[in-house]
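The values are calculated or read from the model by the stated rules, or taken from the named source; none is laboratory data. None of the values given here were measured: they were computed from a predicted structure. Reconstructed Cβ throughout: ideal geometry from the backbone, glycine too, with neighbour counts over all protein chains shown.
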Amino acid sequence: MARRLETIRVGIHRTVPRWTWLRVLDWLLARNGEASHVWGWSYGSMVAQLTAQRHPEAIASVTLFGYPTDPDAVVPETSFLSEAPARPTTRAAAASDFIVPESISQLAIDTYVNAAMKADPIRADWNQLHQWNALDGEQLALPTLLLQAEFDPLADTDAHARFFAKIANPNKQWIVLAGGDHAALLETPRAKLIKSTIDFIEWLAH
């Protein structure tokens, strides 16, 4: 099966209007003539899930990697009362996801950190995090691939099990990537991560 895979980086900035991501999906739908397979990493996986719950018409399936939440967690209501914190990005923070020895070269880490410092000198600010309380596997009606790296400290196996059981669509898979951490898409498990994603999309076509 021939299939075009496209990657779009959606930046999170204080000046971006709410639900700009939906405009991207609408543009892809008009351009490709079919719904998109959405792939979310870390907080992006939570954005992907919430979008899939609320606007499934533009999405064919959703892949969640580095999913950093618990389906039973309740986030207290908070909001920035004035200006956002605008904390600077640090080299240590940019490199913090790389925790498995020899899974990626130091040159690659340094290159990633340099690019992160240049592209995002100020850490992304997330406001009103209590909106994550709307995440609900029972409302996730689309085919779902849950990818978990073996040593990802943000991806809890028990939480994943409870979440996976709740996913409403029976077309679902949960795959563990041996030897990976939160940045597995850049490390030695990346080939398995990519193949797992493509295999899931092709599996849905049969």
Within the range 59-87, restricting to residues that are touching a strand residue (DSSP E or B) at 6+ places or on another chain (Cβ under 8 Å) and surrounded by fewer than 19 Cβ atoms within 10 Å (Cβ to Cβ), the one that is modelled with the lowest pLDDT is 86
**Request:** Might you let me know whether the range 25-36 holds any residue that is part of a loop (DSSP other than H, G, I, E, B), at pLDDT below 95 and at positive phi?
**Result:** yes
Over the range 98-155, the set of residues assigned to a loop (DSSP other than H, G, I, E, B) and under 16 Å from the mean Cα position of the chain (by Cα) is 124, 126, 135, 136, 140, 142, 143, 152, 153, 154, 155
Original post:
Residues in the range 135-148: is at least one over 28 Å from residue 35 (Cα atoms) and touching a residue at least 24 places away in the same chain (Cβ under 8 Å)?
Top reply: no
Within the range 112-135, restricting to residues that are in contact with a strand residue (DSSP E or B) (Cβ under 9 Å, 6 or more places away or on another chain) and modelled with pLDDT of 90 or more, the one that is surrounded by the most Cβ atoms within 10 Å (Cβ to Cβ) is 122
Practice problem: Please tell me if residue 167 is within 22 Å of residue 136 (Cα to Cα) and either β-branched (Val, Ile, Thr) or touching a Ser or Thr at 6+ places or on another chain (Cβ under 8 Å) (or both). | Solution: yes
Result of the Cβ filter at 6 Å on the range 189-201, keeping first residues that are within 14 Å of residue 179 (Cβ to Cβ) and partners that are surrounded by 20 or more Cβ atoms within 10 Å (Cβ to Cβ), at least 6 apart or interchain, is 189/177; 189/180; 192/177; 193/177; 193/184
